[in-house]
1. Nearest 0.05, what FRET efficiency do residue 340 and residue 392 give at R0 = 22 Å with Cβ-Cβ as r?
2. Given points 7 Å out from each Cα along the Cα-Cβ axis, report the residue 258 to residue 38 separation in nanometres with one decimal.
3. Can you give the extra length, in nm with one decimal, that the chain gains between residue 318 and residue 234 once fully stretched, where that is 0.36 nm per residue apart less the Cα-Cα distance?
4. How big is the accessible area of residue 28 in square angstrom, nearest 10, if you roll a 1.4 angstrom probe over the protein chains?
5. Would you mind telling me which residue in 361, 181, 259 has the biggest mean-square fluctuation in a Gaussian network model of the chain, where springs connect alpha carbons within a distance under 10 angstrom?
6. Per residue, how much accessible area does the range 152-224 show when a 1.4 Å probe rolls over the protein heavy atoms, in square angstrom?
7. Pull up the cross-link candidates among the lysines for residue 100, meaning alpha carbon to alpha carbon under 17 Å and not fewer than 8 places away within one chain.
8. To the nearest 20 Debye, how big is the dipole of the chain about its Cα centre, given +1 on the beta carbon of each Lys and Arg and -1 on that of each Asp and Glu?
Amino acid sequence: MAEDPRDWEVETRLVRGGLTRSPHGEISEALYLTQSFAYESAQAADERFAGGPGFIYQRFGNPTTQMFEDRLALLEGAQMCRATASGMSAVHVSLMGLLKAGDHLVAGRALFGSCRWIISEWLPRFGVEATYVDATDIDAWKNAVRPNTRAFLVESPANPLLEVTAIGAVAEIAHAAGAKLIVDNVFATPIFQKPLALGADVVVYSATKHIDGQGRVLGGAILGATELMTESYKDLLRHTGPAMSPFNSWILVKALETLELRVRRQTDNAGRVADVIAAHAKTRQTIYCGRPDHPQAAIIANQMTGGGNVIAFDLGSRAAAWRFLDALQIVDISNNLGDAKSMATHPCTTTHRSMPEAERLEIGLTEGWVRMSVGLEGAGDLGRDVSRALDAA
């Protein structure tokens, strides 16, 4: 009897999960660069369009993309995964598939700037109202529920100050209200946190970040139970077309092979760099999910198995933050994260610049904060680079 891939260890899932081979027996996953597919007969075409097995059109599905979806689903412990062209298309679709005119959304207020734009500017055009809450305050989630609440959305850890939410507790509130919980799990990665196992209904990723991890392609993913994914997202994805390209799918399915190795090394480096930052006299506050002084350390211990590779730290002013960034010699100034290369950014003037100042202040994002994504360079080199830059801040 063949082994169930769900019984494999994580490392085996990442190398072998979802693997299919052509009659040529290739070792590396095949890249199917095709827009459409041919049928053996008119009847065969009819059967496929009626829902039978096989591929129809690249917008609906592709063998390479299917391998990426199946491998990520196996890693996440999800029944189904659907890939999208970018992380933001995944967030957008995850919301649009659950909401309609007259519905209400509750969202953690600490969100990436583009997510805030979708909720505050885009969804209201379709008659969807939203309430932002302090995601760490369980009573705030309860008090925000209305009779027409249909979805909850949270990033945990959140961008950019690494706020962590008790996913299980929020899931219970959502389900009691008849709503679905969507969790953006990018910062934790599927290596360190499993939102579905904690009670979430939908997990979204920007595969552009750690899953690619090498600065090459965009991609997104939506994961959940087969019934929910089919009812809420199948037709939306099919007809609106935010499809992942086969080339990007191939890059990402190959990148999954090394995801666990990369993320663990990045996390080891981040722990050492966070200690350097926290110990420096110029640093007012350091937030890192792997440190015991994280504001939600007890929640992290309950639902995460690693601290991840992102650090946030406050240098007191925009001028000091910019002096730090400009003094870096190894670490790049970039708004991306999860890459093999270490990167640092000033959120107030990049990733979160579209947020009104009052909203930034609500989540504690003042102009002295820097967000750093730690990569795969030598930890000693990174420590010296950061220490030199802090001296200059």
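The values are calculated or read from the model by the stated rules, or taken from the named source; none is laboratory data. Predicted, not measured: the structure shown is a model, and the values here were computed from it. Positions of Cβ are generated from backbone atoms using ideal geometry, with glycine treated the same way; all protein chains shown enter the neighbour counts. Heavy atoms of the whole protein, side chains included, go into the accessibility calculation; ligands, DNA and RNA do not. Shrake-Rupley method; radii C 1.70, N 1.55, O 1.52, S 1.80 Å.
1. Here the calculated transfer efficiency is 0.30.
2. Distance between label points: 3.7 nm.
3. Answer, rounded to one decimal: 25.8 nm.
4. We get 50 Å² for residue 28.
5. Judging by the Gaussian network model, the answer is 361.
6. Per residue, the range 152-224 has an accessible area of 21 Å².
7. 180, 234
8. 600 debye
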